[in-house]
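Before any comments, here is the structure.
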Amino acid sequence: MDPYKYRPSSAYNAPFYTTNGGAPVSNNISSLTIGERGPVLLEDYHLIEKVANFTRERIPERVVHARGISAKGFFEVTHDISNLTCADFLRAPGVQTPVIVRFSTVVHERASPETMRDIRGFAVKFYTREGNFDLVGNNTPVFFIRDGIQFPDVVHALKPNPKTNIQEYWRILDYMSHLPESLLTWCWMFDDVGIPQDYRHMEGFGVHTYTLIAKSGKVLFVKFHWKPTCGIKNLTDEEAKVVGGANHSHATKDLHDAIASGNYPEWKLFIQTMDPADEDKFDFDPLDVTKIWPEDILPLQPVGRLVLNRTIDNFFNETEQLAFNPGLVVPGIYYSDDKLLQCRIFAYGDTQRHRLGPNYLQLPVNAPKCAHHNNHHEGFMNFMHRDEEINYYPSKFDPVRCAEKVPTPTNSYTGIRTKCVIKKENNFKQAGDRYRSWAPDRQDRFVKRWVEILSEPRLTHEIRGIWISYWSQKLASRLNVRPSI
Ligand code: HEM
């Protein structure tokens, strides 16, 4: 008998109940006792194992994006961009790659309502023939900060007050008043799109600037955009209260029901590209994650489509244990020097090792679907079968060699060690442009939401004044205060 054929799987269910060790269990409803009424005996191995397993059923929830749901499907190339990148999964129209996608809210707990005004996560894991590519994005094209060292503070401000365990806007506005670079992201959070109707009717963005590398070695900066084919739909603040009041998992249910009924959610993937030689031509820094790239100058180019046609089989295995990491890229796609992205390359693997353990990439949902090999082995919960004597490199006994060099950006760097802010901050222009592009009723709803949070009694006159100076006189007149700066 090959013991490794029988890995733990519900597919190998015995026809009768067993312990985890496989021994038959003849009674699963009564504890072993002395006499009818107890006491209970410690030697009831099955009782102890069953309860001990149960008391350990939960793993730590994600420190952010705890509330979410995933679904499976495929990505299909529809337009040839093989001149822009040597990524194998983008090699030709018609090529399909299996994916798993997880949608989420950011701030609240694992079982919080899906109707909160919040950013939504839009994370796609492509299981390519050259390894997994994780495009871990959001439904906003921009982010509040541009340097990863500030991320824990952003999250602490947005999360519930550590004293009251209530999310409080006076804390958020206090912290963010120091971040004028956050204004453009607020133009998504406090706009109508701040509460998507569900996960199917929202856009997605890679957010950061990445790099595409062609076979020729030519390098382009790139931004990724997902557009839902069923259009963008949102909930008004009033609708959100009703929908969330009736069902705190409405978006999870919507995604499940749509797929189960054959109404498969679909998004088109577009890219914007920029020649790095042009990076100084703009009034903003193209690597600045608090800025969008103007679509009239850098138009959206179609690439492919994402179709979600399979619901998950098991929430714990395929959503809770699903682990994304922006560090996972494939040949032909590379990071950029965006300081926030650079920090994320470290943070996700680090949190997964804490949340799931050092072998999290061996879990079926996270493991690459292509052949893979290295000598990073053992540790807690290793379940990879290895029948090898050579676990070091290089070795004359091991035929496995390093792969051929893949093209990477060849920029060279000179500079002094420094901690500083980027030169072209330009914090206000794009936020103003976006606000002015809206119809008056949309502007009005945006202002109304700001008036509401700026009316929080614990906000000081100084902080309120900073926000009014950020958002214009219009807000000042509605709040009946004068800007202090
Ligand atoms: C340096 C800044 C950031 C840090 C340190 C950070 C850290 C984290 C951490 C620790 C998690 C939990 C991961 C897990 O336990 O599985 C997470 C999840 C996530 N983050 Fe970030 N994050 C940062 C910025 C961003 C940005 C800019 C975006 C959008 C582009 C983003 C999108 C997401 C998404 C979508 C998830 C959920 C992934 C899933 O569905 O499992 N994060 N982040």
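The values are calculated or read from the model by the stated rules, or taken from the named source; none is laboratory data. Just so it is clear, the structure is predicted and the values come from calculations on it, not from any experiment. Cβ atoms come from the backbone with ideal geometry, glycine included; neighbour counts cover every protein chain shown. Heads up: the accessible areas ignore ligands, DNA and RNA and are worked out on the full protein's heavy atoms, side chains in. Shrake-Rupley method; radii C 1.70, N 1.55, O 1.52, S 1.80 Å.
The apolar share of the surface of the stretch 428-473, taken as the fraction of accessible area on carbon and sulfur atoms (1.4 Å probe, ligands and nucleic acids excluded), comes to 54 percent. Semi-axes of the equivalent ellipsoid of the chain are 42, 32, 22 Å, computed as sqrt(5λ) over the eigenvalues of the C-alpha gyration tensor in descending order.
Around Gly231, with a cut-off of 11 angstrom between Cβ atoms, what is the net charge of the other residues, counting Lys and Arg +1 and Asp and Glu -1?
Net local charge, Gly231 excluded: +2.
Short-range pairs are left out: with C-alpha atoms under 8 Å and at least six residues apart, the relative contact order of the stretch 30-151 is 19 percent. Each residue of the stretch 64-69 was assigned a 3J(HN,Hα) from its phi angle through the Karplus curve 6.51 cos²θ - 1.76 cosθ + 1.60 (θ = phi - 60°); the sequence is 9, 6, 5, 8, x, 8 Hz, with glycine and proline shown as x. Ranked by the mean number of other Cβ atoms within 10 Å of their residues, highest first, the peptides 76-89, 376-389, 326-339, 36-49 fall in the order 326-339, 76-89, 36-49, 376-389.
Rounded to whole numbers, the Karplus 3J(HN,Hα) couplings from phi for the stretch 286-293 are x, 8, 7, 6, 8, 10, 9, 9 Hz, using 6.51 cos²θ - 1.76 cosθ + 1.60 with θ = phi - 60°, and x at Gly and Pro.
Taking only protein heavy atoms and a 1.4 Å probe, the accessible area of the stretch 246-399 is 55% carbon and sulfur.
Rounded to the nearest whole Å², what accessible area per residue is found for the chain with the 1.4 Å probe? Intermediate results must be reported in sequence, preceding the final value.
Values: 26020 Å² over 485 residues.
About 54 Å² of surface per residue is accessible.
Working note: 222 nm ellipticity from helices only, DSSP H runs with n ≥ 4, each -39,500 (n - 2.57), summed and divided by the residues of the chain, gives -7000 deg cm²/dmol to the nearest 500.
Would you mind checking the pairs Lys233/Lys369; Lys369/Lys424; Lys72/Lys281; Lys163/Lys448; Lys291/Lys448 and listing those with alpha carbons more than 31 angstrom apart?
On the way: Lys233/Lys369 35 Å; Lys369/Lys424 42 Å; Lys72/Lys281 41 Å; Lys163/Lys448 29 Å; Lys291/Lys448 24 Å.
Among Lys233/Lys369; Lys369/Lys424; Lys72/Lys281; Lys163/Lys448; Lys291/Lys448, the Cα-Cα distance tops 31 Å for Lys233/Lys369; Lys369/Lys424; Lys72/Lys281.
What size of dipole, in debye to the nearest 20, comes out for the chain about its Cα centre when the only charges are +1 on Lys and Arg C-beta atoms and -1 on Asp and Glu C-beta atoms? If you can, show how the numbers build up before the last one.
Working: 58 positive and 58 negative charges, 110 e Å.
Roughly 520 debye for the chain.
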